[in-house]
Amino acid sequence: MSTQRQQPETETETESTESEGETAQERRLDEKRRRAEERERKRVEAEERAAADAERYHLKVFRYDPEVEGKQEPRFDDFHVPYEPGMTVLDALIYARDQFDASLTFRHSCRQAICGSDALFVNGSQRLGCQTQLSDLDQPVRIEPLPHSEVVKDLVVDMEHFYDQMESVEPYFQTENRPEGELEEQRQSRENREKIKKSTRCIWCGACMSSCNIAAGDNEYLGPAAINKAYRFAMDEREGEDMKQRRLEIIEQEHGVWRCQTQFSCTEVCPKDIPLTEHIQELKREAVKSNLKFW
Amino acid sequence: MYEYDVIVVGAGGAGLRAAIAAQEAGADVAMVTKLHPVRSHTGAAEGGINAALREGDDWELHAYDTMKGSDYLGDAPAVEALTQESPEEVIQLEHWGMAFSREDDGTVSQRPFGGLSFPRTTYAGAETGHHLLHTLYEQVVKRGIEVFDEWYVLNLAVSDEDDPAERSCHGVVAYETATGNVEAFTARDGVVLATGGLGQVYDHTTNAVANTGDGVAMAYRAGVPAEDMEMIQFHPTTLPSTGVLISEGVRGEGGILYNDEGERFMFEHGYANNDGELASRDVVSRAELTEVNEGRGIEDEYVHLDMRHLGEERIVDRLENILHLAEDFEGVDGLEEPMPVKPGQHYAMGGIETDEYGQTCVDGLYAVGECACASVHGANRLGGNALPELIVFGKRAGLHAAGGETEAPRVTVGRSDDSEAGDVETPVELGEPWGSEGDAVADGGAAAETAEAVVERSLERERERVERLLERDDGTQHAEIRAAVQHTMTENVNVFREEAALKEALVDIHAARERYRDVYVADPSSTYNTDLIQTIETRNLLDIAEMITVGALARDEFRGAHWRKKHQERKDDEWLKHTMVSWSNGSPELWYKPVVLEGEKKTYEPKERSY
Amino acid sequence: MAERYSSFRAGGRLWLWQRITAAFLVVVLAFHFFLLHFVHHADEVTFAMSAGRMETWSYYSLMILFLVTATFHGVNGVYNALINAGLTGVKRQAVKVVLGVASLLLLVQGFRTANAWAGIDLLPIL
Amino acid sequence: MSQSYDRGLIEDFGRWREFSAGMWAWIFHKFTGWVLIGYLFTHIAVLSTALTSASADPATVAANQDLYTQTIQALESLLVVRLLEVGLLAVAVFHILNGTRLLLVDLGIGLGTQDRSFYASLILTGAIVVASIPTFLAGVSL
Ligand SMILES: Cc1cc2nc3c(=O)[nH]c(=O)nc-3n(C[C@H](O)[C@H](O)[C@H](O)COP(=O)(O)OP(=O)(O)OC[C@H]3O[C@@H](n4cnc5c(N)ncnc54)[C@H](O)[C@@H]3O)c2cc1C
Ligand code: HEM
Ligand code: SF4
Ligand code: F3S
Ligand code: FES
């Protein structure tokens, strides 16, 4: 007895390929086989073409290792990676690592623009490797570690400073007015959630911070990502008015929002399309407003 | 040498929740994780978290759905713990500020999900996991819990008594990626493994590159049994070129699947006459592959998922992230065209055997999250049931490890009078018959009396292992071995399984093991040596692949996600039991333990699972 | 409660003043250029004419305000730019003093010039 | 930390080519601001010659023979000075226009079109400067 709603035809069909009569299914299967052969032929052709260096992408990748001789002086290595439709910069790097040089080092994990580990400097701008299609780039594709941070090795940079800034804005929810009941949630209007929605998308990739000239010059500057984090809480109505004041005090410090010179490069590079400059500017106004209230 | 009360390995949702709970129970906690916490793959979860919050719904209904979804391979005590506690845990997340989607009255929204009898899936847009992960990490920051990020745990420090049930775990040995230092972390009270999924054994997967099943492999080699490893969930809607997931939320909101002939095949070909697209994942995945196999697939590879009729406003409101994913990773505009989808490896129902508090049979060793198998998902996980598992069992394990107050567990771990020896005919010898790296009883174990000595010995062994790998300057590279394993698993141990193919996979895995003996690390550096880490991960993948395949070969029935060509039915008389694989003297040993169907108030009688 | 308003730190106040002076300068600077290059051509400028304008109180006060705001705006702008470039510690204090003294000198000199035109003997010592 | 490791190419050279509109606007605004404050100092210094004129013989003043008038007119008769004045106008106009753009951005207006408003400032500056060249060069002997 099958416990699943299994199609009887399915079973017979997958069990035995030989069955009597010219059914529609048979025809389709024949058709499928034919198409499969066709595809296989195409694939082989494609491979041959690739082998003939027809469709290779030229990568220029930054290399540096403080320990390994020959890599202590930063240099660029060239890799020629066979192109496949849909290939991203990350795919190309993985290919280069697995096929050509196992010591090529870069952070990556999710392959879907959510872990934030592969922010790189690609052809002169900060992007996630996994979110950048090779076909959108001019060759040679120049891949470097994020500017304005210390290089650990190859494409890996030290993120410690970025994390410190993120964590310095009290990036956690705090409120004094929790609902009474254990199982009762705090209320939040749809509009308010909408307001903070974009700011909650940050994946801590550090692209924005790397692109900001002010952050590059002033090490203590909180930077767009941390300010955006503060925005996410300051604007959350669930935290209440008193907390908001506290939040504003944090971002008002000397190296907080006032340092931003509205360069917009953070907003331009953010892979999550967070309107960072807008958030920073709004906080500046909020800060001024709340301070002028009783003047 | 570091020393803490509780060491949590892995900082995804499960690890973070465990650390918070342990700290709240008064323990001195440290987290050791190979990725920075916010990089964990929990962040990729899209659809939502199931919790019976509202009137008309209650935990019993949720438990019933979960047992049914599991195809009666879930253990009732664990399932009931999950469904009873998930509401309070979800509200706890809300109190920690998680940005849930809201109703007009400001309460948390819920949506329907596959296999659920009530719309009980709470969500935050189509990026629920991202919000959950960040909310939990924020709480860890708030509490000042110490996090050793980019520290790769190489192995557990477990004593080496003959009987795994008598062993105890005293800590872990980890490799600091940035510097190449190998250090020991002593845990006075407990080690909690929360290392997540193992999708990297397949090449088309929704899992991250870091999901290499390290925790399962480490616990396995320390003698802890791995449970129901053959139960691998294939998600029906992943993008064909990358494996990026298109959330079940799309179907939950009303998205429709079409084949090449424009038929709504879930209904028109009778795969699920009631629930259609919202039938359980295994049912939909098989339906899609059947369509493709019968020549009704698009480009003979995939089917279409269409959500255009939902209207731009609703899509942007609830599924905005999906539009970005389809655009960035497949170049398709979900508002204008249907999205191509096909099944991809998604989730491991099985894992390290634990009870309802995450305890394994080794004293002081816990496991939670996707790497564990408390057995709430049985043979098939329902969408939206993994995230509540992380927070419910994360909390329970953290609390237990820190010595907090808990009740006696009802699920037994390790071998008992109820367990039954298994037997399976394999074409090759399994495991590492040549004695992997000169191991003692438990791979990674150490013959020593005191806790310090156990930790010390483990540290020595791992230092040697790292040195040995780095010393060689010629041989096979791990990437080739990994590719070979992924290839054979995808070919032979996929959605549809048959005996000959499974055996072929075992032969291939054996060959891969053989090649692994010859593995070498090309990168000589001790700074950020990812080549070394991946080489070690690949070793773990070999064990994982083997466990999955052995389980799949043994279980000659069709239950949940596990489909066998020659065995087209669920055999409740014979198979209401878990497949267990234990590592013993360098090779896997198969045995079984019965499923616990007795719940708190009732027993879950196996019923036909139709949608 | 009072102390929470003291959180309006120098950073924010200066930022606001930079904007306020900028808004004011837009108008006055445009007026200034227009008056001295288009209405009167630069080569027609003479002491007598300048003095004539300065003797009007409204023009005189506008120019003084122009001087003050421009000095503040300019000097504060420079100071800000230096902080943005990461200037800290002793160096920063030194720059602060130098800029302060320079703007004071500028203001005094500007004042005296305006007074000379207007025929005021406000600060005879200078 | 930002400069603690010299990455040559990456940190220093070649990057300007990749600057986006907002960054150029920032650089130009900085530059023009510094020129303006520099000019303010020189301007006041030159104007200070009026101090001597004030105490000079009223007749000399009436005849436009006083130091201030002579200095100004001498300067204004030089082509370089006139050209420099055109430059100053360009700098001032750009600073005013871009400053206005920044003020609007501060008020949350036009964030989405910030690049276009920068280009508009540039173009407008150019147009105004070109249009005022005749006026600025009027009466100068070559
Ligand atoms: C694309 C996708 C969508 C999903 N959507 C949903 C959904 O909508 N609802 C739902 O309920 N479930 C969903 N799931 C399932 C669920 O998200 C996962 O099962 C769950 O997030 C796993 O969490 P975890 O904490 O166990 O592991 P992870 O979040 O994967 O974390 C693992 C952690 O372990 C660490 N680690 C691993 N190995 C080592 C080592 N050797 N040493 C040190 N640290 C190590 C890693 O650094 C990481 O921090 C989804 C899964 C995927 C892939
Ligand atoms: C006429 C109208 C003017 C407007 C609208 C204006 C506007 C601005 C604004 C908004 C800033 C701040 C930029 C920022 O911090 O992001 C600024 C900076 C500056 N302004 Fe002005 N300004 C004007 C006139 C002047 C004048 C007359 C001077 C010279 C005396 C001047 C000198 C400066 C300087 C030096 C800076 C700092 C530049 C830097 O960042 O390095 N400005 N201006
Ligand atoms: S704000 Fe954007 S660019 Fe900056 S860290 Fe977050 S996601 Fe990355
Ligand atoms: S780039 Fe920097 S200056 Fe402000 S707008 Fe962004 S933080
Ligand atoms: S790999 Fe995770 S963001 Fe690119």
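The values are calculated or read from the model by the stated rules, or taken from the named source; none is laboratory data. Not measured: the values here are computed from a predicted model. Positions of Cβ are generated from backbone atoms using ideal geometry, with glycine treated the same way; all protein chains shown enter the neighbour counts. Heavy atoms of the whole protein, side chains included, go into the accessibility calculation; ligands, DNA and RNA do not. Shrake-Rupley method; radii C 1.70, N 1.55, O 1.52, S 1.80 Å.
Residue-by-condition table, conditions (1) aromatic (Phe, Trp, Tyr); (2) in contact (Cβ under 8 Å) with a residue 40 or more places away in the chain; (3) more than 9 Å from chain D (Cβ to nearest Cβ):
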| position | (1), (2), (3) |
| --- | --- |
| C:41 | no, no, no |
| C:48 | no, no, no |
| C:53 | no, yes, yes |
| C:71 | no, no, no |
| C:85 | no, no, yes |
| C:88 | no, no, yes |
| C:91 | no, no, yes |
| C:119 | no, yes, no |
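Filter segment A:263-283 for residues that are more than 7 Å from chain D (Cβ to nearest Cβ) and within 16 Å of ligand 2 (Cβ to nearest atom); which is farthest from residue D:21 (Cα to Cα)? Filtering segment A:263-283 for residues that are more than 7 Å from chain D (Cβ to nearest Cβ) and within 16 Å of ligand 2 (Cβ to nearest atom), the one farthest from residue D:21 (Cα to Cα) comes out as A:283. Filtered by the rule that a residue be hydrophobic (A, V, I, L, M, F, W, C) and in a loop (DSSP other than H, G, I, E, B), segment B:129-172 gives a lone residue, B:145. Among the residues making up segment A:130-170, those that are within 14 Å of chain B (Cβ to nearest Cβ) and in contact with a Phe, Trp or Tyr (Cβ under 7 Å, 6 or more places away or on another chain) are A:134, A:145, A:150, A:151, A:152, A:153, A:154, A:155, A:156, A:166. Can you find even one residue in segment B:137-154 that is open to solvent by less than 10 Å² (accessible area, probe 1.4 Å), more than 10 Å from chain A (Cβ to nearest Cβ), over 30 Å from residue A:65 (Cβ atoms) and more than 16 Å from ligand 3 (Cβ to nearest atom)? Within segment B:137-154 (the criterion being open to solvent by less than 10 Å² (accessible area, probe 1.4 Å), more than 10 Å from chain A (Cβ to nearest Cβ), over 30 Å from residue A:65 (Cβ atoms) and more than 16 Å from ligand 3 (Cβ to nearest atom)), the answer is no, since none of the residues qualifies.
Do the conditions hold for residue B:197, that is, is it away from ligand 4 (no atom under 16 Å from the Cβ), assigned by the TED database to the domain that holds residue B:8 and assigned to a loop (DSSP other than H, G, I, E, B)? Even if it seems obvious, please write down each step before you answer.
Values: away from ligand 4 (no atom under 16 Å from the Cβ): yes; assigned by the TED database to the domain that holds residue B:8: yes; assigned to a loop (DSSP other than H, G, I, E, B): yes.
Yes, satisfied.
Residue check: residue A:149 meets all listed conditions (1) in the same structural domain as residue A:90 (by the TED database); (2) more than 27 Å from residue B:145 (Cβ to Cβ); (3) touching a strand residue (DSSP E or B) at 6+ places or on another chain (Cβ under 6 Å); (4) not charged (D, E, K, R) but one, namely (2). Which members of segment D:40-55 meet the condition of being within 9 Å of chain C (Cβ to nearest Cβ) and either in contact (Cβ under 8 Å) with a residue 12 or more places away in the chain or among the hydrophobic types (A, V, I, L, M, F, W, C) (or both)? Result: D:40, D:41, D:44, D:45, D:47, D:49, D:50, D:51, D:52, D:53, D:54. Scanning segment B:244-261 for residues that are closer than 17 Å to residue B:383 by Cα and either open to solvent by less than 10 Å² (accessible area, probe 1.4 Å) or not hydrophobic (A, V, I, L, M, F, W, C) (or both) yields B:244, B:246, B:247, B:248, B:249, B:250, B:251, B:252, B:253, B:254, B:255.
Collect the residues in segment A:201-237 that are of a type in the set (Ser, Thr, Tyr) and either surrounded by fewer than 24 Cβ atoms within 10 Å (Cβ to Cβ) or away from chain C (no Cβ under 13 Å) (or both), keeping them in residue-number order.
Restricting attention to segment A:201-237, the residues satisfying the condition of being of a type in the set (Ser, Thr, Tyr) are A:210-211, A:221, A:231.
Passing the criteria: A:210, A:211, A:231.
Considering segment A:256-271 alone, what residues qualify as being in a loop (DSSP other than H, G, I, E, B), surrounded by fewer than 24 Cβ atoms within 10 Å (Cβ to Cβ) and touching a Ser or Thr at 6+ places or on another chain (Cβ under 7 Å)? Once the filter is applied, which keeps residues that are in a loop (DSSP other than H, G, I, E, B), surrounded by fewer than 24 Cβ atoms within 10 Å (Cβ to Cβ) and touching a Ser or Thr at 6+ places or on another chain (Cβ under 7 Å), segment A:256-271 yields only A:262.
Looking at A:180, A:194, just one residue is in a helix (DSSP H, G or I) and more than 8 Å from chain B (Cβ to nearest Cβ), and that residue is A:194.
Of the residues B:522, B:483, B:511, only one is farther than 30 Å from residue B:168 by Cα, open to solvent by 20 Å² or more (accessible area, probe 1.4 Å), not assigned by the TED database to the domain that holds residue B:186 and not in a helix (DSSP H, G or I); which?
On the way: B:483 fails: not in a helix (DSSP H, G or I); B:511 fails: not in a helix (DSSP H, G or I).
Of B:522, B:483, B:511, the one residue that is farther than 30 Å from residue B:168 by Cα, open to solvent by 20 Å² or more (accessible area, probe 1.4 Å), not assigned by the TED database to the domain that holds residue B:186 and not in a helix (DSSP H, G or I) is B:522.
Considering the conditions (1) under 17 Å from the mean Cα position of the chain (by Cα); (2) part of a strand (DSSP E or B), residue B:175 is excluded by exactly one of them, (1). Applying the condition of being within 20 Å of residue A:263 (Cβ to Cβ) and more than 18 Å from the chain's Cα centre (by Cα) to segment C:51-88 and asking which residue is modelled with the highest pLDDT yields C:82. Every condition in (1) open to solvent by less than 10 Å² (accessible area, probe 1.4 Å); (2) in a strand (DSSP E or B) is met by residue B:5 except one, and the failing one is (1).
The combined condition, being assigned to a helix (DSSP H, G or I) and within 16 Å of ligand 3 (Cβ to nearest atom), is fulfilled by residue A:282. Among the residues of segment B:585-605, those that are under 22 Å from residue B:411 (Cβ atoms) and open to solvent by 40 Å² or more (accessible area, probe 1.4 Å) comprise B:589, B:594, B:598, B:600, B:601, B:602, B:603, B:605.
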